[in-house]
Amino acid sequence: MFKRLFTPGPTEVRPEILKELATPQIHHRSPEFSELYARIQPKLQAVLFTQNPVLLFTSSSTGAMEAASTNLVAKRCLNLVNGAFSKRWHEITVGNGVPCDAYEVPWDVAIKPEMVDEQLKTGKYDAVTLVFNETSTGMMNPLKEIAEVVRRYPDVLLLVDAVSGMAGAKIETDAWGVDYVLAGVQKAFALPPGLAVAAVSGRALERAKHVPPRSYYFNLPDMYKFHQKNQTPATPAIPQMFALDAQLDAIMAEGIEARFARHAKMAGIVQAWAKKYFDIYPEKGYWSQTLTCVKNTREIDASAMIKSLVNDYNARIENGYGDLKGKTFRIAHMGDVQVDQIQGLLRTLETIVGL
């Protein structure tokens, strides 16, 4: 039975977009494929406010994170860690034998610009990784302000995981000086899993040419070479690309700024509800625009609440992630979810919990 998803990925996909997956197959070395690739490119650039190439990965977001670690660190990487996925990026960097250090703060604390500045002053690093929107905690780190700090260090590349933020919150890639920003399409893009995208700056591509190859599949110079021909090095997920093309048209029709405003409105509604009945996990001032991590101050049985929501109301939210399971629960307000749907969800949760 169909269940409405208010989960922080995968998110709900509209039926008309799902139908795009059934588009008759084309060959990935055909002119038709190159035309599809070329159609997608300017629309992705518009979403990301960039003129940089936006590379397509047939992988989860983790693959695009690995590509950054293996291609864009020549000296040493600073991994900024305040959640499960920023910790994952550090583990990816370590796992690939790339010299790195983790700068860790508690998961409910935002990464602040002055923290980054203090680390970069050491001169040890030529790359820094940041998770813009931590899916595990509902934390939105201050990307614009951190980017201003990183720009003071001309040899340092800023690499950003925007997995659960991209297409739901504004990212001015070029104006802010972000060198690499990635996301998977199964979150705020509201698409089926299977693709990741990453905008890559010219200086990042130049760095990648001089870093000894650490990966065959996630090789940015090779990907960029094919990108220039509107191609991919290996066979891509063509059905997902048809869906991406159609969904980008829908995003353009809604209006990018209108889409961001809708996300902000939904965030405000959920966060006001969370403060009224519970609390919010991250520190104030850094709450996500695309998902809210509710602090379970009432100590309700979050698993039972979610089970009732699924079985009795055909909808789903998500429990806390990892060590936060039961201590928090997460409500996503991203993708194609509308304000009235969020309001209905919250009323349903009130009924289940008896608020």
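The values are calculated or read from the model by the stated rules, or taken from the named source; none is laboratory data. Quantities reported herein were computed from a predicted structural model and do not represent experimental measurements. We place every Cβ from the backbone using ideal geometry, glycine too, and count neighbours over all the protein chains shown.
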Please return the ranges of helices (runs of 4 or more DSSP H) entirely within segment 11-75 where 1 or more residues are touching a Gly at 6+ places or on another chain (Cβ under 8 Å) and closer than 19 Å to residue 223 by Cα. 61-71
Among the helices (runs of 4 or more DSSP H) lying completely within segment 145-262, list those that include at least 3 residues that are more than 18 Å from the chain's Cα centre (by Cα) and assigned by TED's automatic domain parsing to the domain that holds residue 117. 202-210, 220-227, 238-254
So which pairs qualify, if the first residue must be in segment 24-47 and under 13 Å from residue 229 (Cβ atoms), the second must be assigned to a loop (DSSP other than H, G, I, E, B) and among the hydroxyl-bearing types (Ser, Thr, Tyr), the Cβ gap must be under 6 Å, and the two must be at least 6 apart or on different chains? 28/235
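Looking only at residues in segment 85-125 that are touching a residue at least 60 places away in the same chain (Cβ under 8 Å) and in a loop (DSSP other than H, G, I, E, B), which one is surrounded by the fewest Cβ atoms within 10 Å (Cβ to Cβ)?
Keep residues of segment 85-125 that are touching a residue at least 60 places away in the same chain (Cβ under 8 Å), which gives 85-86, 89, 96-98, 107-110.
With in a loop (DSSP other than H, G, I, E, B) added as a condition, the list becomes 96-98, 107-110.
Values: 96: 15, 97: 10, 98: 22, 107: 22, 108: 19, 109: 16, 110: 21.
It comes out as 97.
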Selection within segment 263-279 - more than 19 Å from the chain's Cα centre (by Cα) and surrounded by fewer than 22 Cβ atoms within 10 Å (Cβ to Cβ): 265, 268, 269, 271, 272, 273, 275, 276, 277, 278, 279
